Amino acid sequence: MLLVKRLTRSSQILFLTLAIFAADSHRSLAQPPARDVSKESARPTRDWVRDGVVYEIYPRAFSERGDFNGITARLDNLKDLGVTILWLMPIHPIGQEKKKGSIGSPYAVRDYYGINPDYGTKADFQRLITQSHRRGMKVIIDIVANHTSWDSALMKHPEFYKRDAGGKITYPFDWFDIAALNYNSKELRQYMTEMLKYWIREFDLDGFRCDVAGEVPTDFWENARVELERIKPDIFMLAESHKAELLVKAFDADYSWPLHSALTDVLQGRKAASEIRAAWEAETKEWPRNSLHLRFSDNHDERRALARFGERAALAASALTFTLDGVPLLYNGMEVGDTTESGAPALFEKLPIFWPIAERRPEFPRFYKQIMALRRDNPAARRGSLEWLRNSDESRLLTYLRRTKNEELLVAINLSSSPFFGLVETTGVQGYVDITPDVGPPLPPDAPAPEQTVKKPNVGLPALSLEAWGYRMFRRPLQGGLLSERLAVATRSAALSEHSIRARPNASQVRPGRYCLRSDRVSTARRSDMRDTRYAKRPGPDNVLFQ
C-alpha cells in the first residue's frame, strides 16, 4: 500500500491493471472464449446413451450403511425400475483441511487414485460394477477435475494450482474448502489424463460425469477423450456444464441448466409455461446439431423437487423430463417420493434416504416405473423429433409431439394449480391411444397404502381435460412410415390455414368452421348450428374457445 501511495496517478493505474491481469491471467489463458458451434454437429452418441435413463447415487446417503455394498444390494430394484446408467457421486477420499460440515464435501477430493474407506474397498467397488454389468446397467463415476481439497496428494506439486494476486493458491468462486487447479501446467494435464485412464482400465468403468466441466479447458477434455477411447471406445462422457463447444468432440451430453431454471420458475409461479419452450428453442439454436442434453428436475445441487414443487407438480416435472428429447435423470430416492436433502449443507453430513416413504406415496414408484416403460417401449419418446404444438392456454400448458417414421407421441402437461379444459393443435383425432401412466391420486394423511386403480378421463382430442398438474400422453402409429409423416405435416399445415388456432379466453361467439368446446366432446361448428346453445361458451376461467 505504501508503494502505491508513492506512485503517480498514471503509475497507480498501470500497477493495478497489471495486478488484476496477473490474478486473472491463468483463467484467460486456460479458458479461451467459447466459440460459435451452432453450425457444427455434435459428436456421435452410442445408442445406450441416447436411450438411457441415468440414476444419480450419493453412496453416503443411498443406504443406511452408506457404502458400495448398500448400492449393490439394491441393483435389482434399480433394474426393475428401468434404470440403465448408474452415476456414482465422487467415490474418492474426502479432504479434511478447511472442510465443510462434520464429514466434508465429496467434491473436495484428497486422492484421485483412492477410494473413500467409508464406502468400502476396491474389491467392493469392482463387485458393484461387475454386478451392474451383469444386469445390463452401465456405471459412470463423478470426476472433479477443476479443483482438489487443500490437503490433496497433489499439493506436493504447487505448480498445479492457480494463484491469486499475492501468489497464494486460490479457490474458485466462493468455494473456500477447495483449491483451484491450473491447466496451464502440461504436467497436470498429463496427470489427470492418466488418472482417468486408470479408472477405465482397472475397473472397466463406462465413463465419467465431469464436475463443472466448463471451468476446465475444452481442449483438455477433447484430448483426454481420444486417450480414453483407445482403452475403451464405448464410453459415456457427461459434462456438468452448459457450454456448447464441449459437445463437438469431448462430451456426449451436457446439463440443460436454462431449461431446468425455466421449469423451476414456471412451477413456482414466476413465469409462464411458454418459457420452457423458449429455453428449449434458444438451446437448440445455439448448440451443435443433434446435441444431447441431460433433463432433470432434481439433483444433489438443488433442493429436492418434491419440496420445491409439491407432490403432484413434482410428478408433472418428471413427466416433462422423461418425454422431452434428451436423457432423463433420477436422483437418490426420488422414485419413492423421498425428500431427504443432500445439497449443501446436507451434502456434508450423512442423511440416508428414507425408503419406507414409498408406503405413503405409492403413486411415485408407480409413476416412475410406468414412465420409464413408456420411454423404453416407444421409440418416439427416445429418438423422435420434437415439435411444439399450440394450445388454448400456453401460459399454463405445454404440448408437443415426438415423432419417428413409425409413430407419434403427443404430450400435454398442465404446469399450473388450476384444472385445464381446452384444445390442443392436432393433425386429426383418429388413431391416438392414451398411454398416460396410471398412478392414482396422492393418499390422504390417514390412508393405508394399497395400490389404487384410476380410470382415465375419456376426452377425445383435440379437446383435452387436465386436472391441476395433470399430464396426458397419446400414441399414434404412422402407417406407411415416412409417407404418413409427410402427410401428417401437410395435414397440419392445411388445418392451421383453415382453422388459424389461437386462444380467445373472452370469446362469446364461435365462427363457422372452427373447433369449439362442448361439455363432453369437440364438434365443428356449422352455420346452421350457430344458434344451438350447445355451442355457446360456458362460464369458467378454463373454458377457452379456439377461433
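For this structure, a couple of remarks:
- Gly136 vs. criteria of a type in the set (Gly, Ala, Ser), within 26 Å of Gly52 (Cα to Cα) and either more than 26 Å from the chain's Cα centre (by Cα) or outside any helix (DSSP H, G or I) (or both): yes
- Candidates in region 378-422 are the residues that are among the aromatic types (Phe, Trp, Tyr) and under 22 Å from the mean Cα position of the chain (by Cα); of these, the one that is farthest from Arg472 (Cα to Cα) is Trp388.
- Residue count for region 118-133 under the criterion of being more than 27 Å from the chain's Cα centre (by Cα) and surrounded by 21 or more Cβ atoms within 10 Å (Cβ to Cβ): the result is 1.
- Scanning region 359-389 for residues that are touching a residue at least 40 places away in the same chain (Cβ under 8 Å), aliphatic (A, V, I, L, M), over 14 Å from Leu315 (Cβ atoms) and surrounded by 16 or more Cβ atoms within 10 Å (Cβ to Cβ) returns Ala380, Ala381, Leu386.
- Any hit, region 349-357, residues being without any contact (Cβ under 8 Å) to a residue 40 or more places away in the chain, part of a loop (DSSP other than H, G, I, E, B) and out of contact with any helix residue (DSSP H, G or I) (no Cβ under 7 Å at 6 or more places or on another chain): yes
- Within region 174-205, considering residues that are in contact (Cβ under 8 Å) with a residue 24 or more places away in the chain, more than 26 Å from Ile129 (Cβ to Cβ) and assigned to a helix (DSSP H, G or I), the one farthest from the chain's Cα centre (by Cα): Glu187
- Complete set of residues in region 426-455 that are among the aliphatic types (A, V, I, L, M) and either under 18 Å from Trp469 (Cβ atoms) or at pLDDT 60 or above (or both): Val429, Val433, Ile435, Val439, Leu443, Val454
- One residue alone among Ile71, Ile115 is among the β-branched types (Val, Ile, Thr), surrounded by 15 or more Cβ atoms within 10 Å (Cβ to Cβ) and in a loop (DSSP other than H, G, I, E, B), and that residue is Ile115.
- In region 77-102, the residues that are in contact with a strand residue (DSSP E or B) (Cβ under 7 Å, 6 or more places away or on another chain), assigned to a loop (DSSP other than H, G, I, E, B) and either of a type in the set (Val, Ile, Thr) or crowded, with 21+ Cβ neighbours inside 10 Å (or both): Val83, Thr84, Met89, Pro90, Ile91, His92, Gly95
- Looking only at residues in region 206-221 that are of a type in the set (D, E, K, R) and in a helix (DSSP H, G or I), the one that is nearest to His293 (Cα to Cα) is Glu215.
The values are calculated or read from the model by the stated rules, or taken from the named source; none is laboratory data. Note that the structure is a prediction, hence the values are computed from the model and not measured. Every residue, glycine among them, receives a Cβ derived from its backbone with ideal geometry; neighbour counts consider all protein chains shown.
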